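The values are calculated or read from the model by the stated rules, or taken from the named source; none is laboratory data. All of these numbers come straight from a predicted model, not from anything done at the bench. We place every Cβ from the backbone using ideal geometry, glycine too, and count neighbours over all the protein chains shown. The area values use the complete protein model at the heavy-atom level, side chains included, leaving out ligands, DNA and RNA. Shrake-Rupley method; radii C 1.70, N 1.55, O 1.52, S 1.80 Å.
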Amino acid sequence: TFTQDAVQPTLQSYDLDMHTGTMTLHFSEAMNASSLNVTKLVLQNNRIQSDGIWYALSDSTVTSANAVSVSVRLSRRDLNALKTIKKLAIDQAHTYLLLYDPAIRDMAGNMVVAIPNGGAQLVATFTADTGAPRLTGGLAGVRPIATSFFADFERGVLILTFSEPVDGTTPVGSKVVT
């Protein structure tokens, strides 16, 4: 006799690499990777959303095949949003995950057991963003220029464009090389 798999899979652990922009979800059984709905993945800075610091992924993509571990490549939008929210995904202690229904299904079509607010799961392995932002471009008035910055000394304006979000309140004057 054939017995249909009716057991709901569970998320065993997950890893987040803020440097490469990847999240790897480790489940109790093989999952149908294409069924992952990333908008049902919410990162927050502690087990409960009581302080309001959280972020729901929006348009990240699955980069792995069906397996026990499913990899997600964080989109530029999601990765930059996470990098701009202070106190979220800055270290292991401030990185918890919620899974809302319907997040992902196993190979038999069973929905993963949800992880609700109040029971958020702490990241197993957290890798910080260790790369320095790169100066990538700028604007000169209304026309683009080939250099990485624009300076209008008459108006006292300096426009710098970076490869990722930077903290605009951090003083950099002593680190600017002329």
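What does the charge add up to near A6, with Lys and Arg as +1, Asp and Glu as -1, over the other residues with Cβ less than 15 Å from its Cβ? Display every interim value, and only then the final one.
Values: positive: R105; negative: D5, E29, D106.
Result for the neighbourhood of A6: -2.
Computed FRET efficiency, Cβ-Cβ of R76 and F153, R0 25 Å: what is it to the nearest 0.05?
After rounding, the FRET efficiency stands at 0.15.
Estimate the FRET efficiency between T127 and T3 by the formula 1/(1 + (r/R0)^6), using the beta-carbon distance for r and 41 Å for R0, to the nearest 0.05. Could the numbers behind the result be given before it?
Details: r = 41 Å, r/R0 = 1.00.
With a Förster radius of 41 Å, E is 0.50.
Would you mind getting the accessible area per residue of region 1-137, heavy atoms of the protein chains only, 1.4 Å probe, in Å²? Before the final figure, lay out the partial values.
Values: 6820 Å² over 137 residues.
That works out to 50 Å² for each residue.
Where does the charge balance sit around L98 when Lys and Arg score +1, Asp and Glu -1, over other residues with C-beta under 13 Å from its C-beta?
Local net charge: +1.
Go ahead and collect, in residue order, the members of region 3-22 whose backbone nitrogen is under 16 Å from a label point 7 Å along the Cα-Cβ direction of N32.
Taking a point 7 Å out along Cα→Cβ of N32, the residues of region 3-22 whose backbone N falls under 16 Å are 4-10.
Under a Cβ-Cβ cut-off of 14 Å, what is the net charge of the residues other than D51 that fall near it, where Lys and Arg count +1 and Asp and Glu count -1?
That works out to +3.
Could you tell me which trypsin sites (Lys or Arg not before Pro) in region 30-123 are loop residues by DSSP with no more than 13 other beta carbons within 10 angstrom of their beta carbon?
K86, K87
Taking region 1-32, which chymotrypsin sites (Phe, Trp or Tyr not before Pro) meet the DSSP loop condition and have no more than 16 other C-beta atoms within 10 Å?
F2
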